[in-house]
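Enquirer: Okay, here's the structure, questions in a sec.
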Amino acid sequence: MAKKQRFPHLVGSKWTAQDKVLGWRHFQVVNRKNQGALVFAEIVAACDPQSRLWVNAGMLKNRSLWQAGWQPVSAMDLRQGLIGPEG
């Protein structure tokens, strides 16, 4: 029986950073790399394909750093109390 792959749907997934990373918030995973017990994801900024970096895929599960999908930034700021409900 084959060993179960960690993060099987990683490539192609979209993520929103809680704080700007390389000046951007929205990223997509374009590549993955296994190194021993760790899995790394290469993420690319949605608006700037030159802005790319490798992150430990386990960090994407940390909700204080990342949210799955592309979240509206204004909705994130409301949840974090950075702007009032009037905008």
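Enquirer: Below 18 Å Cα-Cα, how many Lys pairs turn up in region 1-75? Only count pairs eight or more apart in sequence, or on different chains, if you could.
Expert: The result is 6.
Enquirer: Under 1.5 on a/c is rounded, so check that first for region 14-79, then, if it is not, pick prolate when a/b is larger than b/c and oblate when it is not; a ≥ b ≥ c are the square roots of the alpha carbon gyration tensor eigenvalues.
Expert: oblate
Enquirer: Tell me which residues come under 5 Å, amide H to amide H, from Ala46 once H is placed; ignore anything under 5 positions away on its chain.
Expert: Amide H neighbours of Ala46, under 5 Å, 5+ apart: His26, Phe27, Gln28.
Enquirer: Follow-up. Would you mind calculating the relative contact order of region 14-79 from Cα pairs under 8 angstrom and at least 6 residues apart, reporting the percent as a whole number?
Expert: Value for region 14-79: 33 percent.
Enquirer: Still on this structure, please answer the following. Take the alpha carbon gyration tensor of region 1-52, find the square roots of its eigenvalues, order them as a ≥ b ≥ c, and report rounded if a/c is under 1.5; if not, report prolate when a/b exceeds b/c, else oblate.
Expert: In terms of gyration-tensor shape, prolate.
None of the figures in this text is laboratory data; all of them are computed from the coordinates on show. This structure is a prediction, so every number in the text was calculated from the model and none was measured.
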